[in-house]
Every structure is written in C-alpha cells, then in structure tokens.
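Engineer: Take a look at the following structure, please.
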C-alpha cells in the first residue's frame, strides 16, 4: 500500500514537472527582453583594445540566443588577434535577464579565465545599452552598445575616479 501511494505521488509530481504549459514569461519580462532583442543572432566584425601603451586590433564574433522561453539572453563572444587569428585575446559568456521582483536587469558575464562579474545593466531611452562594473585594480568599467545603421557598435571606457573616462575598447559588428 505504501509503495502504491508513493508511486502515485511520484507520478503526480513528475507529471507536474514535465507538464508546464503555464510557464510563460510575464509581460514585464517580455517587455524588458524585447528591448535587447536586437542582440539576438550571429554577429562578426573588428575592433581594438588598449589596456596599456600598445593598441591591439582584433576580429570578433558574438552570438546572441534567447533561452528559457525568451526570458534569458545568452551572449557568447570570441575575439582573435587580427595579426594571428589562432590567438584568442577575448572569450566570454554572458546571461541577461529581467529581475521581476526588483524591476531591473541582471547580467552575469563569465570570462575564459574562470572569473565572472555581476554587472549593472540598463537600456537607455534611445535603445542603447549601458553596462558596467567595478574592477578592484582598474576602477570603474563601462560599456555602451548601440545600433548604428544596422551594426552593433560597442565602446568601453574606464575610470579610476568616476569622473574622467578613458576609452579602451571599440568594436563594430555586422549581422551574419
């Protein structure tokens, strides 16, 4: 008898787990994720980065894919040295979602060195994306992503005092 009851409860729970027809993102999530939908797809382009005295040119690919029924945008980027494309100079994986409880975006980015950052992430009224974080050695880091004639244009700046900003990255990508 105990086994029959346990089997019935297990079946009921398992059936509920797999039958999730009501799991649709709410209106707030759908609206928020619509604002970043332009990042979806495959992108490729070129850019530069300068963390010290020498500027490095690179080629880059970014792939944006919606997951979890459109509630999470996964971005994967790989940058290769323009002079020697066998050398990877940047590799990252990021996840963007909408926090319904707090009414804000969440972004977690993972780097190839195993570290991650939880970044501030905002969509401006003009549709551009502003994201950034504080790095213990570099200070404040901020990025701006915008569409310019159908191209993904991203710039990065850093500041040690939060007042004067120095550009360190720019890239321009086209949709494949």
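Just so you know, all these numbers are worked out from the coordinates, no wet-lab data involved. Note that this is a predicted model, so its numbers are computed, not measured. We place every Cβ from the backbone using ideal geometry, glycine too, and count neighbours over all the protein chains shown.
Engineer: At q = 0.12, 0.14, 0.19 Å⁻¹, what log₁₀ I(q)/I(0) does the range 94-176 have when each alpha carbon counts as one equal point scatterer in the Debye sum?
Structural biologist: Each listed q maps to, in turn, -0.40, -0.55, -1.00.
Engineer: In degrees between 0 and 90, to the nearest 10, how far off the longest principal axis of the chain does helix 2-18 point, with axes built from Cα atoms?
Structural biologist: Tilt relative to the chain: about 40 degrees.
Engineer: Would you work out the relative contact order for the range 27-175, in percent, from Cα pairs under 8 angstrom that are 6 or more residues apart?
Structural biologist: 19
Engineer: Here is a follow-up. Could you calculate the FRET efficiency of residue 118 with residue 27 from 1/(1 + (r/R0)^6), where r is the beta carbon distance between them and R0 is 25 Å, rounded to 0.05?
Structural biologist: Working: r = 25 Å, r/R0 = 1.01.
It comes out at approximately 0.50.
Engineer: What Kirkwood hydrodynamic radius, in Å, does the range 27-175 give when the mean of 1/r is taken over all pairs of distinct Cα atoms and then inverted?
Structural biologist: Values: mean 1/r = 0.0624 Å⁻¹.
That comes to 16.0 Å for the range 27-175.
Engineer: What value, in deg cm²/dmol to 500, does the helix sum -39500 (n - 2.57) over DSSP H runs of n ≥ 4 give at 222 nm once divided by the residues of the chain?
Structural biologist: On the way: 2 runs with 25 residues, N = 176.
So the calculated ellipticity at 222 nm is -4500 deg cm²/dmol.
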